[in-house]
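Everything below concerns the one structure shown next.
Laboratory data are not the source of any read-out in this text; all were calculated from the coordinates shown. None of the values given here were measured: they were computed from a predicted structure. Ideal geometry is used to build each Cβ from the backbone, glycine not excepted, and the neighbour counts take in all protein chains shown.
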Amino acid sequence: MIVSADPISGAKERIGWLAVNVNANDIATFGVEPAFFLSCLLFPEKADERMLETICSDMDQAAKNLGIAIIGGHSEVTPGLTNPIVVGCAVGLTEKDNYVTAGGAKPRDNLILTKTAGIEGTAILAHERNKQMEDALPRTLLLNARKFYDRISVVKDALTAFKTGGVNAMHDPTEGGISGGIHEMADAANLGVKIFKDRIAVARETVETSRLFDIDPLQLISSGALLIASKPKFTAKILKRLNEEKIEASVIGEFLDSPRTRLLINEKGKETKLIRPEQDHLWKALQDV
């Protein structure tokens, strides 16, 4: 039994959708299909029945899309809250030892990234800072950014890679974005890492959003992207299978022996330390009003 729990606290829109998908992602990164979901819904005192119905409806739709059964939960009004919080818990079942963890990477493993950096952060900001973005960015770009919620799931990414073979570890970069997720994988395996910045895909919507709020897209919460440590001889096969499933992916670096070596190499070949985020840049953008 693979179990994971995560809260949704930095968003107001579609938090039921996020809760199911983010928790399902945590199960899928083990290479296991998520099967069950429970939730604890905490509401501010100003909440009404419509808020409850909206969140539950979003959870229902997300669960149906992934083939997950919602098997229980709890809701309450909690004094002191200004926005609702959804704490989710997902469960998956598998045979003994038929899974990977975030800490299984080996030296010289390739590091694959699916999709793009900052997906969840872009979606949240497009909703929470809609007026500010509407005044500064093209309308089409903003509408596309709001649709980034539909890219949040990595269940297909993770199960496709795991079933292909050669996967030593997987991790979905949430708080701290791509940079934080890479550090977490390297920490868990006690390894170093070398990352090529120009190989990390960043959507135009995320580039423009990050420029507007003066934030780093590599430090922006990135649910929807998946980090995969693969044995080098399996990398091409994994990329091919992901491509066949219409999931964009690329090799962005490799793991190294020394845990003290964490490098980011820019477009000109200059080496700098890979930043370890002190705070997810979503919070920086939300606080900078």
Gain on full stretching of the segment that runs from residue 188 to residue 244 - 0.36 nm per residue minus C-alpha separation: 17.1 nm
Segment 113-262: relative contact order in percent, alpha carbon pairs under 8 Å with at least 6 residues between: 42
Amide H contacts of residue 77 (H built 1.01 Å from N, under 5 Å, at least 5 apart or other chain): 43
log10 I(q)/I(0) for segment 110-287, Debye formula on C-alpha points only (no solvent), q = 0.09, 0.12, 0.16 Å⁻¹, two decimals, reads -0.30, -0.53, -0.92
Cα→Cβ-extended label distance, 7 Å offset, between residue 139 and residue 212, nm: 1.5
Gap in Å between the Cα centre of segment 140-159 and the Cα centre of segment 223-289? 18
Please label the shape of segment 2-92 as rounded, prolate or oblate, based on the square roots a ≥ b ≥ c of the eigenvalues of the alpha-carbon gyration tensor (a/c under 1.5 means rounded; beyond that, a/b larger than b/c means prolate, else oblate). prolate
Please give the contour-minus-distance gain from residue 61 to residue 78: 0.36 nm per residue of separation, less the Cα-Cα distance, rounded to one decimal in nm. 3.6 nm
Setting aside same-chain residues fewer than 8 positions from residue 12, which lysines have a Cα under 27 Å from its Cα? 46, 64, 115, 131, 147, 156, 284
Sparse-neighbourhood loop hits (trypsin sites (Lys or Arg not before Pro), segment 217-289; DSSP loop; Cβ within 10 Å at most 14 others) -> 246, 260, 268, 270
DSSP beta bridges in the chain [antiparallel fraction, %, rounded to 5]: 70
Backbone HN-Hα couplings from phi across segment 238-251 [Karplus 6.51/-1.76/1.60, Hz, Gly and Pro as x]: 5, 4, 5, 5, 4, 4, 5, 8, 6, 10, 5, 7, 8, 7
Residues with amide H under 5 Å from that of residue 100, placed H, sequence gap 5 or more: 31
Which ³J(HN,Hα) values, rounded to whole Hz and listed in residue order, are derived for segment 127-144 from phi using the Karplus coefficients 6.51, -1.76 and 1.60 in 6.51 cos²θ - 1.76 cosθ + 1.60 with θ = phi - 60°, glycine and proline given as x? 8, 6, 10, 4, 4, 4, 6, 4, 6, 10, 10, x, 4, 4, 4, 5, 4, 5
Please list, by residue number, every one of the trypsin sites (Lys or Arg not before Pro) in segment 90-126 that is coil in DSSP and has at most 15 other beta-carbon atoms within 10 Å. 96, 108
Those GluC sites (Glu not before Pro) in segment 13-66 that DSSP places in a loop and that have at most 10 other beta carbons within 10 Å: 45
For residue 35, enumerate residues with amide H under 5 Å from its amide H, sequence gap 5+ or separate chain, H modeled in the peptide plane. 91, 92, 93
Can you give me the distance in nm between label points at residue 50 and residue 9, each placed 7 Å from the Cα along the Cα-to-Cβ direction? 2.8
